[in-house]
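Trainee: Got a structure here, written out as structure tokens. Questions coming.
The values are calculated or read from the model by the stated rules, or taken from the named source; none is laboratory data. Computed from a predicted model, the values in this text were never measured in an experiment. No Cβ is skipped: glycine too gets one built from the backbone with ideal geometry, and neighbour counts run over all protein chains shown. Surface accessibility is based on the protein's heavy atoms, side chains included, excluding ligands, DNA and RNA. Shrake-Rupley method; radii C 1.70, N 1.55, O 1.52, S 1.80 Å.
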Amino acid sequence: MPTLFDPVRVGALQLANRVVMAPLTRNRAPGGVPTALMADYYRQRATAGLIITEASQISGMAQGYLDTPGIYTQAHIDAWRPITDSVHAAGGNIVIQLWHVGRISHTSLLPDGADPVSSTARAANTKTFTRDGFVPVSTPRALRDDEIPTLVADYAHAARCAANAGFDGVEIHAANTYLIEQFLRDSINDRVGAYGGPVENRVRLLVEVVQAVGREVGFERVGVRLSPLTTFGGSAPLDSNPQALMHHVISRIAPMGLAYVHMIEGETGGARQPEGAPAMDWQGLRRAFPGAWMVNNGIDGERAQAAIASGHADLVAFGRSFISNPDLVRRLREHAPLNALRADFLYGGGAEGYTDYPMLDERVAG
Ligand code: 8OZ
């Protein structure tokens, strides 16, 4: 029976264990450029079998919150390089999450004050964080079909930048109601034409992005993150048939030889079986995908071990517990107590609540 602490092959990557650091937005990259403090933070967590970085915008138009990192300029590449080097020096693996927020943005964050772009011209009923604090997101402009090739090329360019920065691979963010999911869900996508209407069309953007990114860095270095049951408090209604949508997504990407699928089981950061959401046949989806299967959402050590032992998943991603426990792998292995999360320091700021969480043998830093 495999355990959480056994090595595993994931596409082109050889991981020391099945404990993954989930992608976690921390808003500590002023102007989009990663810092030395971020290198400390990721190096501290390098005993994870795999680190997935915080979501990182693939272009100027892809940004939706203040001070999230980018991965599309030489300055971004140069600033990420010490981070990948320090994780590798500590024996870890690190992939970067490629992100386009679509309509979850604000004109003040976008080049020349542009309107956000999406599958739709309808605004999301939510807020984002700007220089002026939390503000309602701006009303988007619907992308024209003839703009999609440039968008797909932006993903490929970002993937190339990631490879040049020393990342072991990339995760395509197709979850949490950002741009790709704005195309996937029939509750958001109100287009006609090649990218709207039937599920075959709504999946088209994701398929084109995966193909372009895979061609750039190798399909065996690409993962895809999905979140069929996430509504963010009702601001992003579910697809009318999440199971069928996911089945279609998986059946399209299954033949591509990808490293992994990363499935958020439930409401991101919330209930594993949200009220009103359909019961998903997760294993049915998993059986349709030949690569590694990663699960995430409120999973503790015990549940994670059970998921690996029973074959429910090959990898388990931990979010909040990895923020507050840089040595999470050791703590899980030794059934040691976990540091509590200091939620006030999640988004923005400096070392406090970021790189000052103590390891098991340390006294509280500071
Ligand atoms: C928290 C705050 C801002 C963005 C996601 C990238 O939900 C995010 C995110 C999370 O995927």
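Trainee: Could you give me the percent of Cα pairs per 20 Å distance bin for the range 8-365, shortest bin first, beginning at zero and ending with the bin that holds the maximum distance?
Mentor: 32, 62, 6
Trainee: Name the residues whose placed amide hydrogens come within less than 5 Å of the amide hydrogen of residue 341, ignoring near sequence neighbours (fewer than 5 apart) on the same chain.
Mentor: Long-range HN contacts for residue 341: none found.
Trainee: Please turn the phi angles of the range 265-274 into ³J(HN,Hα) values with the Karplus equation 6.51 cos²θ - 1.76 cosθ + 1.60 (θ = phi - 60°), one per residue in order, whole Hz, x for glycine and proline.
Mentor: 8, x, 7, 3, x, x, 5, 6, 10, x
Trainee: Here is a follow-up. Accessible area per residue, 1.4 Å probe, Å², for the range 8-365: what's the number?
Mentor: Averaged over the residues of the range 8-365, the accessible area is 37 Å².
Trainee: Roughly how many Å is it from the Cα centre of the range 1-27 to that of the range 288-366, as a whole number?
Mentor: When both Cα centres are located, 11 Å separates them.
Trainee: Moving to a separate point now. Per DSSP helix of 4 or more residues, -39500 (n - 2.57); summed, then divided by the residues of the chain. What does that give at 222 nm, rounded to the nearest 500?
Mentor: Rounded to the nearest 500, the figure is -8500 deg cm²/dmol.
Trainee: Then there is this: Describe numerically, in nm with one decimal, the distance between label points set 7 Å from Cα along Cα→Cβ at residue 306 and at residue 359.
Mentor: Roughly 3.2 nm, to one decimal.
Trainee: If you don't mind, there's one more thing I want to ask. Does the range 109-171 come out rounded, prolate or oblate, given a ≥ b ≥ c as the square roots of the eigenvalues of its C-alpha gyration tensor, rounded meaning a/c under 1.5 and, failing that, prolate meaning a/b above b/c?
Mentor: Taking the square roots of the gyration eigenvalues as a ≥ b ≥ c, the range 109-171 is oblate.
Trainee: Might you work out the accessible area of residue 300 for me, using a 1.4 Å probe with all protein chains in place, and round it to the nearest 10 Å²?
Mentor: 90 Å²
Trainee: Using modelled amide H (1.01 Å from N, peptide plane; none on Pro or chain starts), what sits under 5 Å from the amide H of residue 325, excluding residues fewer than 5 places away?
Mentor: Long-range HN contacts for residue 325: none found.
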